[in-house]
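Below: the structure, in structure tokens.
Rule-based calculations on the coordinates, nothing more; no lab input. This is a predicted model, so every value here is computed, not measured. Neighbour counts run over all protein chains shown; Cβ positions are idealised from the backbone, glycine included.
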Amino acid sequence: MRIEQPTDEALKEAAAAIRAGRLIGMPTETVYGVAADATNPEAVLATFEAKGRPAENPLIVHVASIEDARRLVSGFPAYALTLAEMYWPGPMTLVLPKGPQVPPETTAGLETVAVRVPDHPVALRLIAASGRPISAPSANRFMGLSPTSAEDIEPSVGDRLHMVLDGGRCRVGIESTVVDCTGDRPLVLRPGMAAIATEAAAPSDRRSPGMYPRHYSPRSPLRIVESLGARDAGITLKVPQNPLQIRLPSEPVAYASELYATLHLLDRCKPPEILVEAPPTSQDWAAIWDRLRKAQGS
Ligand code: AMP
Ligand code: MG
């Protein structure tokens, strides 16, 4: 795996690689992604293969502006435009009716496409330099933990990438909020740190393929508990009792930002189990609860 600083030269090479249908490790403010030309079916198929991701799981397409997003969709309801204006660039993905430029491989055959403008200078430079909309699912094997630094990309994925652009630690640290904008009002399909006051999708509602009960998981089994015992390995909100206990901030934005990096760190120590102390249950922790439950597999 080749990790490069995002110099003009590296960006130029990465952009040419994207145009040639290759894969690039791309930082965003949420997590690192496997970047590819979202309009190139072969590049998209290579993305699925690099991740071991089932083809029925659609990709998020990253663009530089609302104008660029418009070119990929066949409709943009007024409320979705308001969301885009409020949250872009940022961790807010909008699912919209797809336009003919987006191949079915990218959307897993759906008539809708998920788009967002990432809030990361390196991602925006790569999109601009390549002149392509960029699909970028997280740079981990399917079901695994998303990387939030270049070093946390597993070699099994990293070795399939032409290069990884090092953009430092991801600021947000968990995946974007996904909002279905195909109906007469928005519906949250996946909670994220960009929280909007709408209903979450009920199980029978408009559904999102690629939402699995188990996801975002470390290798060691993860379990949510009330509090850690003296010998347990895991994440605490209190004073750690041994070196395999890591204290995370008791404020959700800072907690989310450090969560995956901490799980990667603990996972490398191969504990029999990673225990996570239950965080508060207030609404501002909802996205964190979603990821912890999925990491636990429940
Ligand atoms: P990620 O795995 O972080 O790349 O996020 C991709 C997820 O966004 C998928 O697993 C789906 O759950 C959701 N998604 C992407 N495209 C669509 C779409 N067209 N319709 C509904 N959900 C989508
Ligand atoms: Mg992922």
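Computed quantities for the displayed model
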| quantity | calculated |
| --- | --- |
| Theoretical gain in end-to-end length, Ser250 to Thr7 [0.36 nm per residue, Cα-Cα removed] | 83.9 nm |
| Max mean-square fluctuation residue, GNM over the chain, Cα-Cα springs under 10 Å, options Thr47, Thr28, Thr107 | Thr107 |
| Between region 28-78 and region 137-171, the alpha-carbon center distance in angstrom | 16 |
| Rule-of-thumb Rg ratio for the chain [Cα; 2.2 N^0.38 Å; N residues] | 0.97 |
| By average C-beta atoms within 10 angstrom, highest first, the peptides 115-124, 182-191 | 115-124, 182-191 |
| Nonlocal amide H pairs with Thr112, under 5 Å, H built at 1.01 Å | Lys98 |
| Loop-resident sites, region 1-68, for trypsin sites (Lys or Arg not before Pro), counting at most 11 other Cβ within 10 Å (DSSP) | Arg2 |
| The chain, helix-only ellipticity at 222 nm - DSSP H runs n ≥ 4, -39,500 (n - 2.57), divided by all residues, nearest 500 | -8000 deg cm²/dmol |
| Mean separation of Cα contacts under 8 Å, 6 or more apart, over the residue count of region 164-298: relative contact order % | 30 |
| Rounded to 5, percent antiparallel among DSSP beta bridges of region 133-250 | 40 |
| For peptides 32-42, 159-169, sequence by mean Cβ density within 10 Å, most packed first | 32-42, 159-169 |
| Cβ charges +1 (Lys, Arg) and -1 (Asp, Glu), total dipole of region 90-149, debye | 120 |
| Test item: Cα-centred dipole of the chain, Lys/Arg +1 and Asp/Glu -1 on Cβ, debye | 440 |
| Size of electric dipole in region 157-270: Cβ of Lys, Arg +1 and of Asp, Glu -1, about Cα centre, debye, nearest 20 | 380 |
| Amide H contacts under 5 Å for Val276, placed H, 5+ residues apart | Arg223, Ile224, Val225, Ile235 |
